1. Please tell me the relative contact order of the chain in percent, rounded to the nearest whole number, where contacts are Cα pairs under 8 Å and at least six residues apart.
2. For the chain, what is the calculated [θ] at 222 nm in deg cm²/dmol (nearest 500), taking -39500 (n - 2.57) for each run of four or more DSSP H residues and dividing by its residue count?
3. Taking 2.2 N^0.38 Å as the expected size of a compact globular protein, what ratio does the Cα radius of gyration of the chain give against it, to two decimals?
4. Which number comes out as Rg/Rh for the range 1-103 once both Rg and the Kirkwood Rh are worked out on C-alpha atoms?
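Readers should treat all values here as calculations from the given coordinates under stated rules, not as data from a laboratory. Computed from a predicted structure; not experimentally measured.
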């Protein structure tokens, strides 16, 4: 698989990206979630998309990975008050919002001289993708929204075991080993009990990502971007691209009913539940999720090759 990497100037920030596959193939942009670096789109999953004739672009958001860090920026006031406003669908003043992150994606496409792309967004990335498709419909050929929500007022909250993770994080001066253990526990909770990798595989993944970039302040600002944006319904209702909403039956972070509600907001959207999947992309779900993404891309009027997933 051909891999090209670079840094794109996106207004006031620079985004690190990887560009996979044939540069002349139809482009597909993958947008990840809060604090999730580009390797969170697993190589094997990306290879399935490249094998089917797509040029796949994955990148680090601002405040993540190898992209620009917004050092020192912070929202004023209580995060509890911002969460309360978010639950009612109302925005708050924050350093940047999901609208700014959607603009980053537009600027990335411009830097790569891509007029329009198939767009796949997961979790917060799915929220950014909704804004992108709602505000720049000419740039989105098809839209796949994975394990995400519209942020409609009074949407279902995460399960208590997920909320509890945010209540007891390691201290700022905690040793690296303690932070690695905490992150491994986070992944286990969010992934759910099914398809969980071994502890050795999980530790290798967490340690590799931490060595690439360890910047918890960025994750906090991205969380503020989500709650600061408020409800996305005003964007979601404007989506015209062929859309599939894919959700895991065991997602403890974004509840299934939120995905179902999101699909109802998008005209003609298809809603698919992957049995046993949580809020992650372990190997066992690569094929069913890729199938949904590829089938949806084929619904676009242009720019989608015939699909054929390899065996194995």
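1. Values: 649 pairs, mean separation 72.5, N = 312.
Taking the mean separation of contacting Cα pairs over the length of the chain, I get 23 percent.
2. Values: 11 runs with 126 residues, N = 312.
Rounded to the nearest 500, the figure is -12500 deg cm²/dmol.
3. Working: Rg = 18.1 Å, N = 312, 2.2 N^0.38 = 19.5 Å.
It is 0.93.
4. Numbers: Rg = 16.5 Å, Rh = 15.5 Å.
Radius of gyration relative to Kirkwood radius: 1.07.
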